[in-house]
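Below is one structure, written out as C-alpha coordinates, with a few remarks after it.
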Amino acid sequence: MLTLTRKTAQTPTDSVALAYDERKRSRLKVTLASGVDAGIFLERGDHLHGGDRLLSEDGRVVVEVVAAPELLIEAFADDPLLFARAAYHLGNRHIPLQIVAEGRGGRLLFQTDHVLADMLRGLGCVVGEAEAPFQPEAGAYGAHGGHHHHGHDDDGGDTHAHGHAHGHAHEHGHADEHSHDKHAQDTHAPDLHNPGHGPHRSLPKIHQFKSG
(Lines give C-alpha, C1' and ligand atoms only; values in the text may rest on other atoms or scores of the structure.)
Protein backbone atom coordinates (compact mmCIF):
# COMPACT_ATOMS: atom_id res chain seq x y z
CA MET A 1 0.00 0.00 0.00
CA LEU A 2 1.22 3.49 -0.89
CA THR A 3 2.11 5.59 2.16
CA LEU A 4 1.65 9.39 2.17
CA THR A 5 3.62 11.01 4.95
CA ARG A 6 4.12 14.74 4.38
CA LYS A 7 2.90 17.81 2.52
CA THR A 8 4.72 19.11 -0.54
CA ALA A 9 4.51 21.80 -3.22
CA GLN A 10 5.46 19.42 -6.05
CA THR A 11 3.25 18.87 -9.11
CA PRO A 12 0.55 16.26 -8.35
CA THR A 13 0.51 12.91 -10.13
CA ASP A 14 -2.75 11.64 -8.56
CA SER A 15 -5.62 12.92 -6.41
CA VAL A 16 -8.03 11.91 -3.67
CA ALA A 17 -11.43 13.41 -2.79
CA LEU A 18 -12.08 13.75 0.95
CA ALA A 19 -15.01 15.18 2.91
CA TYR A 20 -14.37 17.65 5.72
CA ASP A 21 -14.53 15.08 8.55
CA GLU A 22 -12.03 12.91 6.68
CA ARG A 23 -9.65 15.83 6.14
CA LYS A 24 -9.53 16.40 9.91
CA ARG A 25 -7.90 13.00 10.45
CA SER A 26 -4.14 12.52 10.44
CA ARG A 27 -4.40 8.73 9.96
CA LEU A 28 -6.63 7.55 7.11
CA LYS A 29 -6.87 4.77 4.53
CA VAL A 30 -8.02 6.09 1.13
CA THR A 31 -8.44 5.07 -2.50
CA LEU A 32 -6.86 7.46 -5.00
CA ALA A 33 -8.47 8.57 -8.26
CA SER A 34 -6.20 6.08 -10.05
CA GLY A 35 -7.67 3.23 -7.97
CA VAL A 36 -4.53 2.76 -5.88
CA ASP A 37 -5.02 2.17 -2.14
CA ALA A 38 -3.02 4.51 0.07
CA GLY A 39 -2.55 5.33 3.71
CA ILE A 40 -2.20 8.88 5.03
CA PHE A 41 0.11 9.16 8.03
CA LEU A 42 0.64 12.76 9.13
CA GLU A 43 1.74 14.35 12.38
CA ARG A 44 -0.92 14.13 15.08
CA GLY A 45 -3.23 17.15 14.88
CA ASP A 46 -2.22 18.03 11.31
CA HIS A 47 -5.35 18.67 9.21
CA LEU A 48 -5.76 18.63 5.45
CA HIS A 49 -7.38 21.26 3.25
CA GLY A 50 -8.56 21.20 -0.33
CA GLY A 51 -5.54 21.88 -2.53
CA ASP A 52 -2.97 20.31 -0.19
CA ARG A 53 -0.49 17.93 -1.81
CA LEU A 54 0.95 14.85 -0.15
CA LEU A 55 4.22 13.15 -1.01
CA SER A 56 4.58 9.38 -0.81
CA GLU A 57 7.19 7.88 1.47
CA ASP A 58 9.25 6.70 -1.52
CA GLY A 59 9.08 10.19 -3.09
CA ARG A 60 7.59 8.98 -6.38
CA VAL A 61 3.90 9.95 -6.03
CA VAL A 62 2.34 13.35 -5.25
CA VAL A 63 -1.37 13.26 -4.36
CA GLU A 64 -3.56 16.37 -4.43
CA VAL A 65 -6.35 16.56 -1.84
CA VAL A 66 -9.70 17.60 -3.30
CA ALA A 67 -12.52 18.80 -1.03
CA ALA A 68 -15.35 16.39 -1.86
CA PRO A 69 -18.91 17.72 -2.28
CA GLU A 70 -21.14 17.00 0.72
CA LEU A 71 -24.63 17.89 1.90
CA LEU A 72 -24.65 21.21 3.78
CA ILE A 73 -27.05 23.77 5.21
CA GLU A 74 -26.83 27.09 3.37
CA ALA A 75 -28.14 30.34 4.88
CA PHE A 76 -28.32 33.52 2.80
CA ALA A 77 -28.70 37.10 4.01
CA ASP A 78 -28.58 40.16 1.74
CA ASP A 79 -28.56 42.62 4.64
CA PRO A 80 -25.16 43.30 6.28
CA LEU A 81 -26.60 43.44 9.81
CA LEU A 82 -28.60 40.23 9.38
CA PHE A 83 -25.56 38.51 7.89
CA ALA A 84 -23.42 39.61 10.85
CA ARG A 85 -26.07 38.49 13.37
CA ALA A 86 -26.37 35.07 11.73
CA ALA A 87 -22.59 34.59 11.71
CA TYR A 88 -22.41 35.73 15.34
CA HIS A 89 -25.02 33.24 16.56
CA LEU A 90 -23.43 30.37 14.65
CA GLY A 91 -20.02 31.36 15.99
CA ASN A 92 -21.41 31.13 19.52
CA ARG A 93 -22.15 27.45 18.81
CA HIS A 94 -18.48 26.85 17.88
CA ILE A 95 -19.36 24.96 14.71
CA PRO A 96 -17.19 24.77 11.58
CA LEU A 97 -18.48 27.54 9.32
CA GLN A 98 -17.77 28.55 5.73
CA ILE A 99 -18.38 32.24 4.98
CA VAL A 100 -18.96 33.45 1.43
CA ALA A 101 -19.41 37.18 0.77
CA GLU A 102 -22.06 38.06 -1.81
CA GLY A 103 -23.46 41.51 -2.56
CA ARG A 104 -24.20 43.40 0.65
CA GLY A 105 -24.36 40.20 2.70
CA GLY A 106 -23.40 36.64 1.93
CA ARG A 107 -23.88 32.91 2.46
CA LEU A 108 -23.08 30.79 5.50
CA LEU A 109 -22.52 27.07 5.00
CA PHE A 110 -22.29 24.43 7.72
CA GLN A 111 -22.83 20.72 8.25
CA THR A 112 -26.44 19.59 8.48
CA ASP A 113 -28.11 20.69 11.71
CA HIS A 114 -31.85 21.36 11.45
CA VAL A 115 -32.04 23.07 14.85
CA LEU A 116 -29.55 25.70 13.70
CA ALA A 117 -31.33 25.95 10.34
CA ASP A 118 -34.59 26.79 12.14
CA MET A 119 -32.78 29.37 14.29
CA LEU A 120 -31.49 31.14 11.17
CA ARG A 121 -34.94 31.12 9.58
CA GLY A 122 -36.22 32.78 12.74
CA LEU A 123 -33.61 35.51 12.33
CA GLY A 124 -34.81 36.16 8.78
CA CYS A 125 -32.27 34.27 6.64
CA VAL A 126 -33.20 32.28 3.55
CA VAL A 127 -32.20 28.72 4.44
CA GLY A 128 -31.89 25.63 2.26
CA GLU A 129 -29.65 22.67 1.47
CA ALA A 130 -26.65 22.65 -0.84
CA GLU A 131 -24.25 19.99 -2.05
CA ALA A 132 -20.81 21.54 -2.26
CA PRO A 133 -17.22 21.16 -1.06
CA PHE A 134 -17.02 22.29 2.57
CA GLN A 135 -14.01 24.41 3.46
CA PRO A 136 -14.77 26.21 6.73
CA GLU A 137 -12.83 29.07 8.26
CA ALA A 138 -9.59 28.10 9.96
CA GLY A 139 -9.24 29.09 13.62
CA ALA A 140 -8.12 32.70 14.05
CA TYR A 141 -5.20 31.54 16.19
CA GLY A 142 -4.19 28.65 13.94
CA ALA A 143 -2.39 25.78 15.61
CA HIS A 144 -1.14 28.03 18.41
CA GLY A 145 -4.48 29.03 19.84
CA GLY A 146 -5.19 30.62 23.18
CA HIS A 147 -5.17 27.28 25.01
CA HIS A 148 -2.66 26.61 27.75
CA HIS A 149 -1.89 23.03 28.70
CA HIS A 150 -0.50 21.78 31.98
CA GLY A 151 2.03 19.01 31.58
CA HIS A 152 2.22 16.03 33.95
CA ASP A 153 5.34 14.18 34.98
CA ASP A 154 5.47 10.40 34.55
CA ASP A 155 5.25 9.91 38.30
CA GLY A 156 1.95 11.80 38.50
CA GLY A 157 3.30 15.09 39.85
CA ASP A 158 1.95 18.27 38.27
CA THR A 159 4.17 20.72 36.46
CA HIS A 160 2.49 24.08 35.91
CA ALA A 161 3.83 26.73 33.56
CA HIS A 162 3.01 30.22 34.75
CA GLY A 163 3.33 33.20 32.40
CA HIS A 164 4.94 36.37 33.77
CA ALA A 165 5.15 39.89 32.43
CA HIS A 166 8.90 39.55 31.88
CA GLY A 167 8.28 36.89 29.25
CA HIS A 168 9.37 33.56 30.70
CA ALA A 169 7.82 30.75 32.70
CA HIS A 170 8.69 29.22 36.07
CA GLU A 171 8.00 25.57 36.80
CA HIS A 172 6.98 24.59 40.31
CA GLY A 173 6.82 21.03 41.61
CA HIS A 174 3.99 20.17 44.02
CA ALA A 175 3.50 17.11 46.19
CA ASP A 176 0.63 14.84 45.21
CA GLU A 177 -1.32 15.60 48.36
CA HIS A 178 -1.54 19.31 47.58
CA SER A 179 -4.79 20.22 45.85
CA HIS A 180 -4.94 22.63 42.93
CA ASP A 181 -7.04 25.02 45.02
CA LYS A 182 -4.43 25.03 47.76
CA HIS A 183 -1.79 25.84 45.16
CA ALA A 184 -3.91 28.74 43.86
CA GLN A 185 -4.09 30.17 47.38
CA ASP A 186 -0.37 29.72 47.95
CA THR A 187 0.51 31.72 44.85
CA HIS A 188 -1.06 34.80 46.46
CA ALA A 189 0.39 34.32 49.95
CA PRO A 190 4.00 35.16 50.81
CA ASP A 191 6.18 32.11 51.49
CA LEU A 192 8.67 32.97 54.20
CA HIS A 193 10.60 29.75 53.61
CA ASN A 194 10.87 30.27 49.87
CA PRO A 195 10.72 33.97 48.96
CA GLY A 196 10.89 34.85 45.30
CA HIS A 197 10.88 31.23 44.06
CA GLY A 198 14.51 30.96 45.26
CA PRO A 199 16.17 28.07 47.11
CA HIS A 200 15.12 27.19 50.65
CA ARG A 201 16.20 29.80 53.13
CA SER A 202 16.08 29.76 56.90
CA LEU A 203 14.16 32.44 58.73
CA PRO A 204 16.45 35.25 59.82
CA LYS A 205 17.33 35.25 63.51
CA ILE A 206 16.15 38.28 65.44
CA HIS A 207 18.51 39.46 68.17
CA GLN A 208 17.15 41.42 71.07
CA PHE A 209 19.39 43.97 72.73
CA LYS A 210 18.89 45.00 76.29
CA SER A 211 18.81 48.68 76.93
CA GLY A 212 21.77 50.02 78.89
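The values are calculated or read from the model by the stated rules, or taken from the named source; none is laboratory data. No experiment lies behind these values; they were computed from the predicted model shown. Using ideal geometry, Cβ is built from the backbone for each residue, glycine included, and neighbour counts are taken over all protein chains shown.
Data for the structure
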{"quantity": "Condition met for Thr11 (farther than 30 Å from Leu90 by Cα and either touching a helix residue (DSSP H, G or I) at 6+ places or on another chain (Cβ under 9 Å) or part of a strand (DSSP E or B) (or both))", "calculated": "no"}
{"quantity": "Matching residues in the stretch 34-45 - criterion: being loosely packed, with under 13 Cβ neighbours inside 10 Å and either in a loop (DSSP other than H, G, I, E, B) or in contact with a Phe, Trp or Tyr (Cβ under 9 Å, 6 or more places away or on another chain) (or both)", "calculated": "Gly35, Glu43, Arg44, Gly45"}
{"quantity": "Residue in the stretch 85-103 that is basic (Lys, Arg), in a loop (DSSP other than H, G, I, E, B) and more than 19 Å from Glu22 (Cβ to Cβ) present", "calculated": "yes"}
{"quantity": "Matching entry among Ala84, Ala75, Ala68 (being of a type outside the set (Lys, Arg) and under 23 Å from the mean Cα position of the chain (by Cα))", "calculated": "Ala68"}
{"quantity": "Yes/no for Arg60 being part of a loop (DSSP other than H, G, I, E, B) and more than 25 Å from the chain's Cα centre (by Cα)", "calculated": "yes"}
{"quantity": "From Leu48, Leu55, Leu108, Leu72, residue being of a type outside the set (Phe, Trp, Tyr), outside any helix (DSSP H, G or I), touching a residue at least 40 places away in the same chain (Cβ under 8 Å) and within 21 Å of Ala138 (Cα to Cα)", "calculated": "Leu72"}
{"quantity": "Index of the failed condition, Val16 passing every other in (1) surrounded by 13 or more Cβ atoms within 10 Å (Cβ to Cβ); (2) modelled with pLDDT under 95", "calculated": "(2)"}
{"quantity": "Single condition Ala67 does not satisfy, out of (1) small (Gly, Ala, Ser); (2) in contact with a Pro (Cβ under 6 Å, 6 or more places away or on another chain); (3) free of Cβ contacts under 8 Å to residues at least 40 places away in the same chain", "calculated": "(3)"}
{"quantity": "Yes/no for Ala75 being among the hydrophobic types (A, V, I, L, M, F, W, C) and either surrounded by fewer than 18 Cβ atoms within 10 Å (Cβ to Cβ) or touching a helix residue (DSSP H, G or I) at 6+ places or on another chain (Cβ under 6 Å) (or both)", "calculated": "yes"}
